[in-house]
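Presented below is the structure to which this report refers.
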Amino acid sequence: QVQLVESGGGLVQPGGSLRLSCAASGIIFGFYAMSWYRQAPGKQRELVASITSAGSINYIDSVKGRFTISRDNAKDTVYLQMNSLKPEDTAVYYCNAERTRLSYWGQGTQVTVSS
């Protein structure tokens, strides 16, 4: 059974930082591209950052220079370090694992940026 379990969300003031973690089980983690998506109320889910099995990384423009995605294949875990958070970063953040025609999702973790 495949499980992706996110953690690390919460309430933070503008300018603050959070580190999200996503622990995977039931897959050969190193074979999968890992991504973080987010969905704000009333908006479509959007891809925030991704890291391939080879370590290639991409970000959406709005988080470049503020967010860092990384993976630890020994721990089957992907991270999203989020710095200089803005209110517009408020959303539910989801972890995704993808390989060929296989795609798995976590349950999401809420990130709220507010003073």
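The values are calculated or read from the model by the stated rules, or taken from the named source; none is laboratory data. Note that this is a predicted model, so its numbers are computed, not measured. Note: ideal-geometry Cβ built from the backbone for every residue, glycine included; neighbour counts use all protein chains shown. Only protein heavy atoms, including side chains, enter the accessible area calculation; ligands, DNA and RNA are left aside. Shrake-Rupley method; radii C 1.70, N 1.55, O 1.52, S 1.80 Å.
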Name every residue in segment 29-62 that is open to solvent by less than 70 Å² (accessible area, probe 1.4 Å), under 17 Å from residue 110 (Cβ atoms) and over 10 Å from the mean Cα position of the chain (by Cα), in order of residue number. 39, 40
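A quick yes/no check of all residues on (1) under 17 Å from residue 12 (Cα atoms); (2) among the hydrophobic types (A, V, I, L, M, F, W, C):
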| residue | (1), (2) |
| --- | --- |
| 70 | no, no |
| 73 | no, no |
| 84 | yes, no |
| 90 | yes, no |
| 102 | no, yes |
| 106 | no, no |
| 110 | yes, no |
| 113 | yes, yes |
